Amino acid sequence: MIRTFLAVLSLTLMAALPARAIDIAEVTSPGGTRAWLVEDHSIPFVALSIAFRGGASVDAPGKRGAVNLMTALLEEGSGQRDATAWAEAMESLGASAGFDAGDDAVTVSLRALSENRDQAADLLHDALTSPSFDPAAVERVRAQVQSAIRAEETDPGAIAATELARRAWGDHPYGSSLNGTADSVAGLTVADLDEARRRVLARDRVIVSAAGDIDAAGLGALIDRILDDLPAHAAAPLPPEAELHLSGAQTVIDWDSPQTVVAFAQQGLPMDDPDYFAAFVLDHILGGGGFSSRLMDEIREKRGLTYGVGTGLANQVLGHTWQGQMATANASTAEAVDLVRKVWGDIRNGVTDKELADAKTYLTGEYPLRFDGNGKIAGILTGMQLMGMPRDYVNTRNARIERVTAEDVRRVAQRLLDPARLEFVLVGRPEGLAAQPAK
């Protein structure tokens, strides 16, 4: 349940696409819910992915963490079944379900054998529409969330990510942990959890995808079976676009440790931006490509200042950043930070033909390894819908990367990358570095 500022890298979505073309059909259920479907009748198994827009970002004022706690309790009993009975009923069908709260959506997954999909759908329907919120289960899961909050407060990487998110997004929900605080979670009542459910679990917020042994008619009936009895409209509006506040400040948080964790970020760009794929290739060369990236080469390979440094384009529905993280000895932090800024600026001069070719080869060649199952397919399709991507994206994505030129990369680097506006949060006792205001 712990969420960090680096948990939403668009790489997750970008790196899970097939090498072969796939046919994504759009289906409308009899009840009017639209869905995407990839049929595959090779095995008698179906995977369903459902997302409810808004996610933890629709927490009520003063109730931060309510959507997260509510979501974790959906599998803890419903109707006449307690948590054990519900889990045993699902297991007896050879089915499984999952529930997760994110900043932009509450996501629900269902995997079932074709012969048992209706019974599994009924169990999922009960979990979504009539969760029991049993007091014993509430307290047990609340304790788990409180443990996650304590872990966030004692982990330097989580502290850096949380502070960077706060500085980036301010009072917007993106600026705080969806887990909530110890005080906010302690005060949540069953009534608060039921309100959180009504704020997010509604038919006007739903996104559905499916893959496997099911046709359009079967999927339409299955969707309505699951969503029946959910309210037509959510009880809370979606949050506004997030305004980014990063402007080049350097924040130091004192932490008694021999090394300093360094998190950094700047403005990103949305996935529908015409320059997005050039930026994606650029990021791979800059810091997203592991040992082949410039940052890793300069800071680890040449100087041994860190075990690893990485960057990524972080895309959320309502805001976008370009960010990275590393850890280094306190004595070498100033040098490592200077190198980040230097590489950030130097790449504006362009990349080599070899760097470009190697990045394209990797980015277009790794996808079959990431695309291996109907469950993953369904999840990817739901993520695409959440981010507003077209259905043909899975079949055109590699061609868009292949079309990126060295001039595109240079132009986008000059457009977007500005080391003077790169914001840093440092957790540790870095030598030779102090907090600096925004430039």
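The values are calculated or read from the model by the stated rules, or taken from the named source; none is laboratory data. For clarity, every value in this text was computed on a predicted model and none was experimentally measured. In this analysis, Cβ positions are derived from the backbone assuming ideal geometry, glycine residues included, and neighbour counts consider all displayed protein chains. Accessible surface is based on the protein model in full, side chains and every heavy atom, while ligands, DNA and RNA are left aside. Shrake-Rupley method; radii C 1.70, N 1.55, O 1.52, S 1.80 Å.
Could you pull out the residue among Leu318, Leu295, Leu305 that is in a loop (DSSP other than H, G, I, E, B), hydrophobic (A, V, I, L, M, F, W, C), free of Cβ contacts under 8 Å to residues at least 60 places away in the same chain and closer than 27 Å to Ala420 by Cβ? Only one candidate qualifies: Leu305. Taking the numbered list (1) open to solvent by 50 Å² or more (accessible area, probe 1.4 Å); (2) more than 20 Å from Thr321 (Cβ to Cβ); (3) touching a helix residue (DSSP H, G or I) at 6+ places or on another chain (Cβ under 9 Å) in turn, Leu305 passes all entries but (1). Output the residue which, of all residues in segment 353-411 that are within 22 Å of the chain's Cα centre (by Cα) and of a type in the set (Asp, Glu), is farthest from Leu48 (Cα to Cα). In this case the residue turns out to be Glu366.
For segment 401-439, a residue qualifies if it is part of a helix (DSSP H, G or I), open to solvent by 50 Å² or more (accessible area, probe 1.4 Å) and modelled with pLDDT under 95, and exactly one does: Arg421. Confirm whether Val340 is assigned to a helix (DSSP H, G or I) and under 29 Å from Ala263 (Cα atoms). Yes: the conditions hold for Val340. Here the condition is being more than 21 Å from Phe424 (Cβ to Cβ), surrounded by fewer than 19 Cβ atoms within 10 Å (Cβ to Cβ) and acidic (Asp, Glu); of Asp228, Asp297, it holds for Asp228 alone.
For segment 44-73, give me the residue count where each residue is surrounded by fewer than 24 Cβ atoms within 10 Å (Cβ to Cβ), aliphatic (A, V, I, L, M) and either at pLDDT below 95 or outside any loop (DSSP other than H, G, I, E, B) (or both). Here the count works out to 2.
Scanning segment 370-379 for residues that are open to solvent by 20 Å² or more (accessible area, probe 1.4 Å) and of a type in the set (A, V, I, L, M, F, W, C) yields one hit, Phe371. Hey, among the residues in segment 78-95 that are touching a Ser or Thr at 6+ places or on another chain (Cβ under 9 Å) and modelled with pLDDT of 95 or more, which one's nearest to Asp118 (Cα to Cα)? So, considering only residues that are touching a Ser or Thr at 6+ places or on another chain (Cβ under 9 Å) and modelled with pLDDT of 95 or more, the one nearest to Asp118 (Cα to Cα) is Met90.
Within segment 12-32, the set of residues being surrounded by fewer than 19 Cβ atoms within 10 Å (Cβ to Cβ) and either modelled with pLDDT of 95 or more or outside any loop (DSSP other than H, G, I, E, B) (or both) comprises Thr12, Ala25, Glu26, Thr28, Pro30, Gly31, Gly32.
When every residue of segment 78-93 is checked against the conditions, none turns out to be open to solvent by 10 Å² or more (accessible area, probe 1.4 Å), in a strand (DSSP E or B), under 24 Å from Asp204 (Cβ atoms) and in contact (Cβ under 8 Å) with a residue 24 or more places away in the chain.
Specify which of the listed residues (Leu164, Leu110, Leu188) is of a type outside the set (D, E, K, R), within 27 Å of Ser49 (Cβ to Cβ) and buried (at least 19 other Cβ atoms within 10 Å of the Cβ). Exactly one residue qualifies, and that residue is Leu110.
Exactly one residue out of Lys360, Lys342 is closer than 30 Å to Thr382 by Cα, among the basic types (Lys, Arg) and modelled with pLDDT of 95 or more: that is Lys360. Does Ala314 qualify as being open to solvent by 10 Å² or more (accessible area, probe 1.4 Å) and small (Gly, Ala, Ser)? When the stated conditions are applied, Ala314 does not pass them. Does Thr328 satisfy being at pLDDT 95 or above, open to solvent by 10 Å² or more (accessible area, probe 1.4 Å), outside any helix (DSSP H, G or I) and hydroxyl-bearing (Ser, Thr, Tyr)? Considered against the rule, which asks whether it is at pLDDT 95 or above, open to solvent by 10 Å² or more (accessible area, probe 1.4 Å), outside any helix (DSSP H, G or I) and hydroxyl-bearing (Ser, Thr, Tyr), Thr328 comes out as no.
Look through His245, His233 and report the one residue that is open to solvent by 50 Å² or more (accessible area, probe 1.4 Å), without any contact (Cβ under 8 Å) to a residue 40 or more places away in the chain and touching a helix residue (DSSP H, G or I) at 6+ places or on another chain (Cβ under 9 Å). Exactly one residue qualifies, and that residue is His233.
Determine whether segment 167-177 contains at least one residue that is on the phi > 0 side of the Ramachandran plot and of a type in the set (Phe, Trp, Tyr). No, because not a single residue in segment 167-177 is on the phi > 0 side of the Ramachandran plot and of a type in the set (Phe, Trp, Tyr).
Just one of the listed residues (Thr396, Thr382, Thr361, Thr405) is in contact with a strand residue (DSSP E or B) (Cβ under 9 Å, 6 or more places away or on another chain), among the hydroxyl-bearing types (Ser, Thr, Tyr) and at negative phi, namely Thr382. Of the residues that make up segment 94-107, is at least one at positive phi, outside any helix (DSSP H, G or I) and open to solvent by 30 Å² or more (accessible area, probe 1.4 Å)? The answer is yes; a qualifying residue exists. When the helices (runs of 4 or more DSSP H) confined to segment 158-259 are screened for residues that are among the basic types (Lys, Arg), those reaching at least 2 such residues are found at 190-200.
Sub-7 Å Cβ pairs linking a first residue in segment 407-420 that is under 19 Å from Lys342 (Cβ atoms) and among the basic types (Lys, Arg) to a second residue that is open to solvent by less than 10 Å² (accessible area, probe 1.4 Å) and at pLDDT below 95, at least 6 apart or interchain, number zero. Taken over segment 380-400, the residue count meeting the criterion of being open to solvent by 10 Å² or more (accessible area, probe 1.4 Å), touching a residue at least 12 places away in the same chain (Cβ under 8 Å) and among the polar types (S, T, N, Q) is 3.
A residue that is modelled with pLDDT of 95 or more, open to solvent by less than 20 Å² (accessible area, probe 1.4 Å) and either under 24 Å from Ala235 (Cβ atoms) or of a type in the set (S, T, N, Q) (or both) cannot be found anywhere in segment 114-123.
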